[in-house]
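Report on one structure; see the data block that follows.
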Amino acid sequence: MERLQLGRTAVYDLLRARRLASITLGRARRIPTHALTDFIRTRLDQEAAA
């Protein structure tokens, strides 16, 4: 949430829509650094194409 500057609900919406990858460790959900990088790169590519 901090790196994306998004709220909790927005991040969970991205996870539900499978636009942001995550892993579950026990009861905790973690988002790997490469998943954030991929998400940001995809968004930049989409905006550049528009």
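The values are calculated or read from the model by the stated rules, or taken from the named source; none is laboratory data. Just so we're clear, the structure is a prediction, and the values are computed from it rather than from any experiment. Note that we place each Cβ from the backbone using ideal geometry, even for glycine, and neighbour counts take in every protein chain shown. What goes into the accessible areas is simple: the full protein's heavy atoms, side chains included, and nothing from ligands, DNA or RNA. Shrake-Rupley method; radii C 1.70, N 1.55, O 1.52, S 1.80 Å.
Summary table below
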{"read-out": "Mean projected area (nm²) of the alpha-carbon convex hull when the chain is viewed from all directions", "value": "3.8"}
{"read-out": "Within the accessible area of the chain (1.4 Å probe), percent carbon and sulfur", "value": "50"}
{"read-out": "Accessible area in square angstrom per residue, the chain, 1.4 angstrom probe", "value": "87"}
{"read-out": "Per-residue SASA entry for Glu47, accessible area with 1.4 Å probe, Å² rounded to 10", "value": "120"}
{"read-out": "Simple spin-label estimate for Arg16 and Ala48 in nanometres, 7 Å along Cα-Cβ", "value": "3.2"}
{"read-out": "Contact order relative to length of the range 1-45, as percent, for alpha carbon pairs under 8 angstrom and 6 or more apart", "value": "22"}
{"read-out": "HN-Hα J in Hz across the range 34-50 - Karplus 6.51, -1.76, 1.60, θ = phi - 60°, x for Gly and Pro", "value": "5, 5, 5, 4, 4, 4, 5, 4, 4, 4, 5, 4, 5, 5, 5, 6, 7"}
{"read-out": "From phi via Karplus (6.51, -1.76, 1.60), per-residue ³J(HN,Hα) for the range 11-16 in Hz, x at Gly/Pro", "value": "5, 5, 5, 5, 5, 4"}
